[in-house]
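Engineer: Dumping the structure here so I can ask a few things about it.
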Amino acid sequence: MSVVAGLALAATLGYHAEPPEARVSARPRQVADGDYVSSATCQSCHPREHATWTASYHRTMTQVARPGTVAASFDGATVSAAYGRPMQLEVRGAELWASFDDPDSHLDPRQRSRIERQVVMTTGSHHQQLYWYATGKQRLLGQLPAVYLIDEQRWVPRRAAVLHSPTDPPFSETGDWNRTCIACHTTLGRPRIDPAPGEASLEQLNVDSEAAEFGIACEACHGPGGDHVRVNRDPLRRYRSHLGALLAPTTVQPARLPASRSSQVCEQCHGVWEFSDRDGERQANAHGVPYRPGAELRDSRFVAQPTINGESPMMRTLLADDAAFVRDSFWSDGAVRVSGREYNGLLESPCFRDAKSPSTALSCTSCHAMHQAADDPRPVAQWRNDQLGAGMDTNAACVQCHTALRGDAVTAHTKHGASSSGSECYNCHMPYTTYGLLKTIRSHTISSPSVEESLAVGRPNACNLCHLDQTLAWTASALTRDWARPPVSVDGDQREVAASLLWLLKGDAGQRAIVADAFGRPAARAASGTDWMAPYLAQLLEDPYDAVRFAAARSLNTLPGLTGLNADFLVAPERRRPLQLQTMAAWDRSRARRRSEARLLMTPGGDVDAGRVIALLRQRDTRRMLLRE
């Protein structure tokens with residue numbers, strides 16, 4: 001992409017200079033601090049890098065709210081997808097306003113007072129966008145009670161946008177941006193909260209939050225640029241650098257760091273961590289987190305990883321204080337199960353953990369590119385989706401190291417045809433078992449399919465997430481036959497019932513969401529057929545978790561013969577059973593043939609074995625879940 005095209009794209013995306021922040025009083029502001037000089041300073045010398053960053057979702061993670069930065073329409077819109085009475089939205093010149101029931105006035109939505117507030121900031125621009133309003137209490141922000149889903153172009157209640165227990169009472173998120181989001185969604189975010197959160201009520205807090213820059217900007221990854229700018233004002237030094245002279249570095253290049261340090265640059269946001277002590281938390285609330293790119297991350301925080309430091313005093317304290325957080329963030333074997341925490345997955349990967357030398361260890365930059373390469377032919381929209389380097393969405397990513405599997409050798413290894421999705425390395429070794437923001441993403445713990453893991457941990461394996469109509473016994477037999485894996489004893493339901501149905505009917509809310517999402521994947525549908533899926537997705541339309549119903553409805557609405565159904569996951573509880581019955585009737589009419597395999601819980605006549613389905617439902621894992629997405 002040319003520099004001109006990149007800058008044109010930046011204009012299209014609404015990126016331009018903000019009014020002087022010194023005049024801002026009702027929201028956090030962008031204020032230079034120390035050696036942080038802002039991405040605008042980088043642009044003159046690094047225009048192409050600046051242009052690709054401008055096009056990325058990192059830049060738009062946090063924005064000042066105005067008509068050019070919001071994904072939703074605020075122009076006279078009425079939003080019913082909010083707890084309490086409908087929310088009214090309005091555009092007033094360059095300002096956005098909302099009228100809604102005050103989430104802080106009372107926990108009972110029927111008794112909340114009506115308030116009108118200016119919407120001043122946004123979070124997200126890829127899948128969801130959250131909106132923050134000025135509370136009138138210094139720079140303290142509150143969150144609108146509804147979230148906008150960008151792909152679906154619809155509003156949903158805030159609680160419905162995450163995997164959240166329906167039994168929990170309504171909650172307010174006032175102050176969450178200032179004390180939590182600011183750490184990762186800005187560059188050098190400084191909460192400037194006094195006293196520290198948790199030590200006083202909201203009414204007592206002094207909140208003067210600011211950041212060097214909103215969004216994840218250049219200095220979030222490369223470190224403060226003041227020294228770099230000062231040194232390179234010397235034209236002779238710049239010329240020597242362009243001619244390839246080895247000069248002392250004045251900024252951090254993550255791709256040139258050892259794998260561990262390079263990946264820690266990403267882990268500062270993409271990991272599960274806690275402050276090492278209360279004093280560290282107080283300092284961060286006053287001045288921002290102390291980590292700088294290139295430093296050792298563990299010097300300034302505790303990286304939570306049960307398999308590595310599960311017996312440490314800090315982890316024991318974390319478990320004692322918030323056991324549910326650890327339990328819901330990790331599978332029981334330590335693999336992370338929440339999206340946005342990919343560094344924890346990397347720590348468990350043998351490609352990183354067992355590398356013979358730092359130069360051969362896997363790192364985030366082995367596959368991901370924070371700037372689109374000049375010779376990358378993909379449209380920028382395709383690159384920025386996952387920010388993968390050119391070719392890194394193919395087997396080229398893996399054969400960088402696994403050279404023996406290049407070319408035709410891969411099919412001998414996979415036992416699948418060359419054009420099959422089963423011959424794409426990451427489908428078997430990075431399955432979609434991580435969940436967040438109403439979708440699944442690939443596990444970043446690179447591993448091989450294992451029935452033992454599925455039995456012991458409950459994590460779906462790659463084989464049964466593609467061959468949704470097969471049992472764990474079938475998978476165990478295939479792994480032994482084709483890959484010489486030791487035989488696994490599989491009995492009872494695991495031998496007789498498709499694994500996907502066991503996870504859907506008996507599993508916890510996280511398992512149900514993962515498998516419901518898998519039912520919508522084209523590769524899985526091609527391997528498994530689709531004419532048996534509707535009854536089980538329809539059953540999930542009554543699931544108590546909004547996120548599970550969302551995944552089920554999304555997959556259901558794309559099934560052949562049911563695309564006109566438009567099942568809505570947000571229908572009122574009393575309408576869920578009629579919707580389920582309507583779905584079953586449409587499925588019955590649409591079937592050209594009837595599958596009757598017992599493993600699909602079908603009778604010889606091709607009907608659902610209701611008695612067996614009910615028996616499995618009675619074994620469901622109903623424990624409370626809240627994924628901190």
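Every read-out reported here was derived from the displayed coordinates using simple, explicitly stated rules and does not represent laboratory data. Keep in mind it's a predicted model, so treat the numbers as computed, not measured. FYI the Cβ positions are ideal-geometry reconstructions off the backbone, even for glycines, and counts take in every protein chain you see.
Engineer: Sorted by mean Cβ packing within 10 Å, highest first, what order do the peptides 352-363, 520-531 take?
Structural biologist: 520-531, 352-363
Engineer: Full extension from TYR239 to LEU626: what is 0.36 nm times the residue separation minus their Cα-Cα distance, to one decimal in nm?
Structural biologist: Length difference between fully extended and current span is 133.9 nm.
Engineer: For the chain, rounded, prolate or oblate, judged on the Cα gyration tensor with a ≥ b ≥ c (square roots of eigenvalues), a/c < 1.5 rounded, else prolate if a/b > b/c?
Structural biologist: Because a/c hits 1.5 or more and a/b fails to exceed b/c, the chain counts as oblate.
Engineer: Quick one: ARG66, ARG594, ARG341, fewest Cβ neighbours within 10 Å first, how do they rank?
Structural biologist: By the 10 Å Cβ count, ascending: ARG594, ARG66, ARG341.
Engineer: For the range 102-154, what is the per residue volume of the convex hull drawn over the alpha-carbon atoms, in cubic angstrom?
Structural biologist: It is 94 Å³ per residue.
Engineer: Let me check I've understood the local charge: for GLU203, count other residues with C-beta under 12 angstrom from its C-beta, Lys and Arg +1, Asp and Glu -1. What total comes out? Intermediate results must be reported in sequence, preceding the final value.
Structural biologist: Details: positive: LYS137; negative: ASP104.
Neighbourhood net charge equals 0.
Engineer: Now a separate question. Obtain the nm distance between the two label points defined at ALA32 and GLU311 by a simple spin-label model: each point lies 7 Å from its Cα along the Cα-to-C-beta direction.
Structural biologist: For the pair ALA32/GLU311, the computed spacing is 5.2 nm.
Engineer: Mind checking the full-extension length gain between ALA248 and ALA412? Use 0.36 nm per residue of separation minus the Cα-Cα distance, one decimal, nm.
Structural biologist: Gain on extension, ALA248 to ALA412, equals 54.2 nm.
Engineer: Between LEU570 and SER420, what is the spin-label point distance in nm, taking each point 7 Å from the Cα along the Cα→C-beta axis?
Structural biologist: That separation, rounded to one decimal, is 4.2 nm.
Engineer: Further, regarding this structure: When the chain is fully extended, how far beyond the present Cα-Cα distance does SER99 get from ASP168, taking 0.36 nm per residue of separation?
Structural biologist: Between SER99 and ASP168, full extension yields 22.3 nm more.
Engineer: Further question on the same structure: Give me the net charge of ALA523's neighbourhood, meaning all other residues with Cβ under 15 Å from the Cβ of ALA523; Lys, Arg count +1, Asp, Glu -1.
Structural biologist: Result for the neighbourhood of ALA523: -1.
Engineer: Another question, if that's okay. In the range 172-189, which residues have a backbone nitrogen under 17 Å from the label point lying 7 Å from GLN283's Cα in the Cα-to-Cβ direction?
Structural biologist: It comes to 188-189, nothing else.
Engineer: For the range 387-395, what does the Karplus curve 6.51 cos²θ - 1.76 cosθ + 1.60, with θ = phi - 60°, yield as ³J(HN,Hα) per residue in whole Hz, taken in order and with x for Gly and Pro?
Structural biologist: 6, 8, x, 4, x, 7, 9, 10, 5
Engineer: Same structure again: Exposure proxy check: MET314, MET370 ranked by fewest other beta carbons within 10 Å?
Structural biologist: Arranged by neighbour count, lowest to highest, MET314, MET370 become MET314, MET370.
Engineer: Report, in whole Å, the centroid distance computed from the Cα atoms of the range 568-624 and the range 481-498.
Structural biologist: 26 Å
Engineer: Sticking with the crude label model, points 7 Å out along Cα→Cβ, report the distance from SER44 to ARG256 in nm, one decimal please.
Structural biologist: If labels sit at SER44 and ARG256, their model points lie 2.3 nm apart.
Engineer: Find the centroid of the Cα atoms in the range 362-429 and in the range 148-199, then give the distance between the two in whole Å.
Structural biologist: The two parts, judged by their Cα centres, are 34 Å apart.
Engineer: Below 21 Å, Cα to Cα, which lysines can LYS439 reach? Residues fewer than 8 away in the same chain don't count.
Structural biologist: Result set, ordered by chain and number: LYS506.
Engineer: Residues in the range 111-129, backbone N under 19 Å from the label point at ARG92 (7 Å along the Cα-to-beta-carbon vector): list them, ranges by number please.
Structural biologist: 114-122
Engineer: On to the next question. According to the square roots a ≥ b ≥ c of the eigenvalues of the Cα gyration tensor, what is the shape class of the range 254-362, taking rounded for a/c under 1.5, prolate for a/b larger than b/c otherwise, and oblate for the remainder?
Structural biologist: Oblate, because a/c is 1.5 or more while a/b does not exceed b/c.
Engineer: Which of HIS58, HIS368, HIS467 comes first, and how do the rest follow, when ranked by fewest Cβ neighbours within 10 Å? Mind dumping the intermediate values first?
Structural biologist: Details: HIS58 22, HIS368 16, HIS467 19.
Lowest to highest Cβ neighbour count: HIS368, HIS467, HIS58.
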